[in-house]
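The values are calculated or read from the model by the stated rules, or taken from the named source; none is laboratory data. Only a predicted model underlies this, so the values are computations on that prediction, with no experimental measurement involved. Here the Cβ positions follow ideal geometry from the backbone for every residue, glycine too, while neighbour counts run over all protein chains shown. The accessibility values were calculated without ligands, DNA or RNA, using every heavy atom of the protein model including side chains. Shrake-Rupley method; radii C 1.70, N 1.55, O 1.52, S 1.80 Å.
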Amino acid sequence: MLSRRALNRATLSRQLLLERGELRPLDAVYALAGLQAQAPLAPHVGLWTRLRHYCPATLDELYDARRVVRSNLLRATVHLVTMDDAVNWQALVGPVGARSVQAAFGKRLAGIDLDALTRAAHGLLSESALSTAELGELLAPRFPGYDADALAYGARGRLALIHVPPRGKWNASAPTRQTTFAAWLGREPENEPEIDEFFLRYLAAFGPASVQDAQAWSGLTRLSEVADRLASKLAAFRDPSGRVLYDLPDAPRPSEFVHAPVRFLPEYDNVFFGYVDRTRFVPDLRKPPIPPGNGARTGTLFVDGEWRGTWRIALPKAAKAQGKTEHDDASALLVASLFQKVSAEEREAIEREAAELGQFIAGPDSAVRVEVTF
């Protein structure tokens, strides 16, 4: 049996939150099995908190070189993954998005020829990257009587698409535009994806974990069949409630007594969506926040490996940062709001890490003030 705290340390280790890694951003994206990117700048903050030396320009270059992409993948939400993972995973998780779109827009598209709609949208998106509004305007004349937004969303949900830069790049502001895999990568999604390898990649990034955890992360079902097939190659444990957990035999599982440093995470971070059972780092079962934003203005705060608060940054108006909260002061203000009191040593660590995060977001030459509230 593994204690809750032992599971906590394992997660932190796999997610590069126990000790900042020396990896290149490309290798980190692979090791983490992708990064949640619904908020476009969240991967930048997520990599900053995980890597010892991180520069946003490096990830921007990977976007431009098409070595990493943002695409609707796990749970039909936007993730940043390597090009190869996007190609290999899309056929596995893409149907989840198609079902969710059908549930949301099925009534508004009643009677339409969905195959014809999909073909029309594919042709348009193969020619150029389009926003939802642009796609809807082009589809509406071909399918009279249907709402343009419903046409665009309904078609997009049935297609494998890439969110193109500059959206997602650190100092860029742009609407969401999408194009096809073939147009952007010169490759179509893999026809016969390896679900066993997919399950092993999940365990490498999040294990030890249960089948239900893997299903919550991916949006897939029937992964118990995969676990059964791979059982002889996996290590098995139980959590305090008796659930069976699987892991790679040689994966790191640090001692539960290892120190866990203060970490500031972006909104929509991986750790909140990698498990159905989050008690390893949210013992009070508090629901994770899902705030609107660009990924670089607010997030969560971990102390001793547990979710203990939230943070928000306000930038001076002179900075004119994309989508980030502004205020009239000449300095950036980062406020860390705690759920409970912490020790003097922990507060000092919070203030130090907050100042470094504020410097990263506001810029190296910016003055940053930190407030810690309870």
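Is it the case, given these coordinates, that residue 23 is among the aliphatic types (A, V, I, L, M) and buried (at least 24 other Cβ atoms within 10 Å of the Cβ)? Spell out how you get there, then give the answer.
Values: among the aliphatic types (A, V, I, L, M): yes; buried (at least 24 other Cβ atoms within 10 Å of the Cβ): no.
Against the criterion (among the aliphatic types (A, V, I, L, M) and buried (at least 24 other Cβ atoms within 10 Å of the Cβ)), residue 23 does not qualify.
Based on what the data block shows, is residue 303 of a type in the set (Val, Ile, Thr), open to solvent by 10 Å² or more (accessible area, probe 1.4 Å) and at pLDDT 95 or above? Reasoning before the result, please.
Working: of a type in the set (Val, Ile, Thr): yes; open to solvent by 10 Å² or more (accessible area, probe 1.4 Å): no; at pLDDT 95 or above: yes.
It is false that residue 303 is of a type in the set (Val, Ile, Thr), open to solvent by 10 Å² or more (accessible area, probe 1.4 Å) and at pLDDT 95 or above.
Collect the residues in segment 203-222 that are among the aliphatic types (A, V, I, L, M) and within 26 Å of residue 5 (Cα to Cα), keeping them in residue-number order. I'd like the intermediate steps shown before the answer.
Step one: list which residues in segment 203-222 are among the aliphatic types (A, V, I, L, M), which gives 203-205, 209, 211, 214, 216, 220.
Answer for segment 203-222, where residues must be among the aliphatic types (A, V, I, L, M) and within 26 Å of residue 5 (Cα to Cα): 203, 204, 205, 209, 211, 214, 216.
Could you tell me how many of the residues in segment 212-250 are open to solvent by 80 Å² or more (accessible area, probe 1.4 Å) and assigned to a helix (DSSP H, G or I)?
Looking only at that region, the number is 6.
Mind counting the residues in segment 251-281 that are open to solvent by less than 10 Å² (accessible area, probe 1.4 Å), over 17 Å from the mean Cα position of the chain (by Cα) and small (Gly, Ala, Ser)?
Residues flagged as open to solvent by less than 10 Å² (accessible area, probe 1.4 Å), over 17 Å from the mean Cα position of the chain (by Cα) and small (Gly, Ala, Ser) within segment 251-281 amount to 1.
Taking residue 190 as the residue in question, decide whether it is at pLDDT 95 or above, closer than 30 Å to residue 223 by Cβ, surrounded by fewer than 17 Cβ atoms within 10 Å (Cβ to Cβ) and under 23 Å from the mean Cα position of the chain (by Cα).
On the way: at pLDDT 95 or above: no; closer than 30 Å to residue 223 by Cβ: yes; surrounded by fewer than 17 Cβ atoms within 10 Å (Cβ to Cβ): yes; under 23 Å from the mean Cα position of the chain (by Cα): yes.
So residue 190 fails the test.
Among 349, 332, which is the only one that is modelled with pLDDT of 95 or more and touching a helix residue (DSSP H, G or I) at 6+ places or on another chain (Cβ under 6 Å)? Reasoning before the result, please.
Details: 349 fails: touching a helix residue (DSSP H, G or I) at 6+ places or on another chain (Cβ under 6 Å).
After ruling out the rest, the residue left standing is 332.
Looking at 284, 365, which one is in a loop (DSSP other than H, G, I, E, B), open to solvent by 60 Å² or more (accessible area, probe 1.4 Å), within 23 Å of residue 52 (Cα to Cα) and modelled with pLDDT under 95?
On the way: 284 fails: within 23 Å of residue 52 (Cα to Cα).
Unique residue meeting the criteria: 365.
Between a first residue in segment 238-251 that is on the phi > 0 side of the Ramachandran plot and a second residue that is at pLDDT below 95 and open to solvent by less than 80 Å² (accessible area, probe 1.4 Å), which pairs have beta carbons less than 7 Å apart while being 6 or more apart in sequence or on different chains?
Hits for this filter: zero, empty list.
List pairs: first residue in segment 261-289 and touching a residue at least 24 places away in the same chain (Cβ under 8 Å) and among the hydroxyl-bearing types (Ser, Thr, Tyr), second residue open to solvent by 10 Å² or more (accessible area, probe 1.4 Å) and part of a loop (DSSP other than H, G, I, E, B) anywhere in the structure, Cβ distance under 6 angstrom, at least six positions apart or on different chains.
Cβ pairs passing all conditions: 268/38.
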